[in-house]
Amino acid sequence: MTVTDLLTQGELTVRGRIRDASNAVLFCTVEHDGERAECVYKPVAGERPLWDFPDGSLARREVAAYEVSEALGWGLVPPTVLRDGPHGEGMCQLWIETLPPDAAPELLALVDAEEPEPGWKAIGLAEVGEGRTALLVHADDPRLRRLAVLDAVINNADRKGGHLLPAAGERLYGIDHGVTFNAENKLRTLLWGWAGESLTEEALTALAALRGALAEGGPLALRLAELITPQELDATRSRVAALLDSGRHPAPSGEWPAIPWPPV
Ligand SMILES: Nc1ncnc2c1ncn2[C@@H]1O[C@H](COP(=O)(O)OP(=O)(O)O)[C@@H](O)[C@H]1O
Ligand SMILES: [Mg+2]
């Protein structure tokens, strides 16, 4: 049984609630025919209303983010499905066992310098109290660079440090994709280090394949049509086209605070 089948068809049992989440985030198990996995379940009924996203739409956006991540072929988002559960319809996402802090890669830092060290990219200046500022930097890491491309495609309005999960086998996952796919530009992320730089060959190839999958009647287009509005699907196509036309990582537009705060 595939992981997505297990997440979809397995018996869902709530084991606990994750504290300090802004929406209801439940830690669960799914079980089927002796197979078992841990997952998070975010019921639509537990979504906190937001002014700029239609009510009850966040779970579907999380699934759409997973579908786009799969189409890019980089495995950046843990398997995520839409299903019914004890609190009604919601998203169900494979639980990722994160590396302990001493084994996790350093991805973000605040430094007292004007330029980042080699191996790091500048995000921007941050207030650190008493009128002092420090440079916020992220690692020049190919996995983060792929995530920056995914975020540009899905128009992620909330890519924070806490939404990056380093796991065994050099894996890095991004989670919490409820505020994505808005038809208006809302890209708000820490991963601005490559802003304006050329996309990698790898990214251009993946984006070209994504453009095909998103074409009218294509498999991904049909799937996304069940999860986001027609306008949002068109806007997604436009973002992919703009990335391929410019060949560059997007730069902040200035219309929206570009960095989530606090960053973690
Ligand atoms: N798939 C996952 N694997 C491991 N931990 C997760 C996963 N999804 C969420 N979490 C944990 O639960 C916390 C809250 O989830 P998040 O998606 O940020 O919820 P919210 O929608 O409330 O912001 C995360 O910060 C993370 O620690
Ligand atoms: Mg969160």
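The values are calculated or read from the model by the stated rules, or taken from the named source; none is laboratory data. No experiment lies behind these values; they were computed from the predicted model shown. Every residue, glycine among them, receives a Cβ derived from its backbone with ideal geometry; neighbour counts consider all protein chains shown.
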Query raised in the report: buried (at least 19 other Cβ atoms within 10 Å of the Cβ) and in a strand (DSSP E or B) - does that describe any residue in the stretch 143-159?
Result: yes
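Consider Val40 carefully, then state whether it is surrounded by 13 or more Cβ atoms within 10 Å (Cβ to Cβ) and either modelled with pLDDT under 95 or over 19 Å from the mean Cα position of the chain (by Cα) (or both). Let's see the steps before the verdict.
Working: surrounded by 13 or more Cβ atoms within 10 Å (Cβ to Cβ): yes; either modelled with pLDDT under 95 or over 19 Å from the mean Cα position of the chain (by Cα) (or both): no.
No, not satisfied.
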Requested in this report: Enumerate the pairs (first residue in the stretch 12-24 and touching a residue at least 24 places away in the same chain (Cβ under 8 Å) and over 13 Å from Arg48 (Cα atoms); second residue anywhere and among the small types (Gly, Ala, Ser) and more than 8 Å from ligand 1 (Cβ to nearest atom)) with beta-carbon separation below 7 Å, excluding pairs fewer than 6 apart on the same chain, so at least 6 apart or on different chains.
Outcome: Leu12/Gly85
Query raised in the report: What number of residues within the stretch 47-82 are in a loop (DSSP other than H, G, I, E, B), under 30 Å from Leu204 (Cβ atoms) and of a type outside the set (Phe, Trp, Tyr)?
Result: 6
Report task. Report, by residue number, each residue of the stretch 13-46 that is away from ligand 2 (no atom under 15 Å from the Cβ), in a loop (DSSP other than H, G, I, E, B) and of a type in the set (Asp, Glu). Result -> Asp33
Report task. State which residue is nearest to the chain's Cα centre (by Cα) when the search covers only the stretch 158-185 and only residues that are more than 16 Å from ligand 2 (Cβ to nearest atom), at pLDDT 95 or above and over 26 Å from Ala103 (Cβ atoms). Result -> Phe181
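Look through the stretch 85-114, keep the residues that are within 18 Å of Phe27 (Cβ to Cβ) and without any contact (Cβ under 8 Å) to a residue 60 or more places away in the chain, and return whichever of them is surrounded by the fewest Cβ atoms within 10 Å (Cβ to Cβ). Walk me through how you get there before you give the answer.
In the first step, residues of the stretch 85-114 are kept if they are within 18 Å of Phe27 (Cβ to Cβ); the result is 85-88, 90-98.
Still in the running and without any contact (Cβ under 8 Å) to a residue 60 or more places away in the chain: 88, 90-91.
Details: Gly88: 11, Gly90: 29, Met91: 27.
The qualifying residue surrounded by the fewest Cβ atoms within 10 Å (Cβ to Cβ) is Gly88.
Listed residues Leu136, Leu191; which is more than 15 Å from ligand 1 (Cβ to nearest atom) and modelled with pLDDT under 95? Quick ask: steps written out before the conclusion?
Working: Leu191 fails: modelled with pLDDT under 95.
Matching residue, one of Leu136, Leu191: Leu136.
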